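The values are calculated or read from the model by the stated rules, or taken from the named source; none is laboratory data. None of the values given here were measured: they were computed from a predicted structure. Glycine gets a Cβ as well: all are built from the backbone with ideal geometry, and neighbour counts include every protein chain shown. When the accessible area is computed, the model is the full protein with side chains, heavy atoms only, and any ligands, DNA or RNA have been set aside. Shrake-Rupley method; radii C 1.70, N 1.55, O 1.52, S 1.80 Å.
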Amino acid sequence: MKNLNIHYFQHVPYEAPGCIEQWAVLHGHTLTATHFYDSSYSLPDIESIDALIIMGGPMGVYDDHLLEWLTIEKEYIATALQKNKKVLGICLGAQLIAACAGAAVNTAPHKETGWFKISPAKQLPKTHWLYEIIEDEPVVFHWHNDRFQLPDGTENLAVSEANDNQLFMLNENVLAIQFHLEITERGLSGMIENGADELIPGAYVQPAYEITALQDFVKDNNRRMYRLLDRFLLS
């Protein structure tokens with residue numbers, strides 16, 4: 001098995017790669033990072049990496065006027081797409097992929113924060129490896145106000161009760177996921193602590209105590225992320 005050079009983009013200290021880091025260590029892959037919240041951040045030579053993973057964050061895709069690095073990040077992602085690198089985006093990362101691929105990102109029909117079920121969309125073939133990971137309609141962790149529209153040549157592959165457009169693939173080497181299979185208990189605590197003001201009760205917004213009470217779902221989410229990484233990055 002080839003050892004991969006995997007690079008990830010992190011936007012805030014509390015939205016780290018979670019179990020993705022554990023998976024990389026387990027398989028002996030090299031994992032490097034750009035921390036955009038650190039003013040001394042740097043970007044790797046695109047030719048030096050095998051895969052790019054883009055994490056989430058509370059900012060919006062179009063906040064370039066507030067965050068000067070956001071334009072630089074989008075230029076790098078666009079280059080990675082052009083060079084057919086493996087690219088995985090999670091939540092904000094998925095929205096950034098969509099924007100770099102020419103699709104819009106806008107306010108979701110429902111704010112979605114907490115543990116909610118997802119289901120395969122009718123467009124996801126039962127023979128596809130992704131179907132095997134979500135066919136049993138798992139409960140996964142969500143924290144988003146926006147959602148991506150679909151780039152040309154893609155289809156929506158997963159839905160929740162609150163929102164569609166939860167998952168898409170582009171040319172089999174780009175994967176955009178709106179939810180957080182990578183979340184760990186530590187990551188969950190960090191998101192709750194830093195996003196407490198967003199937890200205004202709603203139809204699809206769980207209070208902090210309920211999110212914490214349901215954290216047993218973390219282990220199942222991480223198992224699914226391991227399976228996803230095995231298929232997406234190693235095949």
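Tabulated results
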| quantity | calculated |
| --- | --- |
| Residue 220 being free of Cβ contacts under 8 Å to residues at least 60 places away in the same chain and over 15 Å from the mean Cα position of the chain (by Cα) | no |
| Qualifying residue in the range 102-111 (condition: open to solvent by less than 60 Å² (accessible area, probe 1.4 Å) and under 24 Å from residue 20 (Cα atoms)) | no |
| Odd one out for residue 144 among (1) surrounded by 22 or more Cβ atoms within 10 Å (Cβ to Cβ); (2) within 24 Å of residue 12 (Cα to Cα); (3) touching a helix residue (DSSP H, G or I) at 6+ places or on another chain (Cβ under 7 Å); (4) of a type outside the set (D, E, K, R) | (3) |
| Which numbered condition residue 23 misses (of (1) within 24 Å of residue 178 (Cβ to Cβ); (2) open to solvent by 60 Å² or more (accessible area, probe 1.4 Å)) | (2) |
| Boolean, residue 135 is open to solvent by 10 Å² or more (accessible area, probe 1.4 Å) and either under 19 Å from residue 116 (Cβ atoms) or at pLDDT below 95 (or both) | yes |
| Residue under evaluation residue 230, criteria (1) closer than 16 Å to residue 17 by Cα; (2) of a type outside the set (Phe, Trp, Tyr); (3) open to solvent by less than 30 Å² (accessible area, probe 1.4 Å), criterion not met | (3) |
| Residue, nearest to residue 39 (Cα to Cα), within the range 62-84, restricted to residues that are of a type in the set (A, V, I, L, M) and out of contact with any Asp or Glu (no Cβ under 7 Å at 6 or more places or on another chain) | 67 |
| Residues (open to solvent by less than 10 Å² (accessible area, probe 1.4 Å) and either touching a His at 6+ places or on another chain (Cβ under 9 Å) or of a type in the set (A, V, I, L, M) (or both)) located in the range 163-182 | 163, 166, 167, 174, 175, 176, 177, 178, 179, 180, 181 |
| Verdict on residue 70 being open to solvent by less than 40 Å² (accessible area, probe 1.4 Å) and either touching a residue at least 40 places away in the same chain (Cβ under 8 Å) or touching a Pro at 6+ places or on another chain (Cβ under 9 Å) (or both) | no |
| Among the candidates 126, 117, residue that is free of Cβ contacts under 8 Å to residues at least 12 places away in the same chain, out of contact with any helix residue (DSSP H, G or I) (no Cβ under 8 Å at 6 or more places or on another chain), among the basic types (Lys, Arg) and open to solvent by 20 Å² or more (accessible area, probe 1.4 Å) | 126 |
| Single residue of 161, 185, 193 found to be in contact (Cβ under 8 Å) with a residue 12 or more places away in the chain, of a type outside the set (S, T, N, Q) and more than 20 Å from residue 55 (Cβ to Cβ) | 161 |
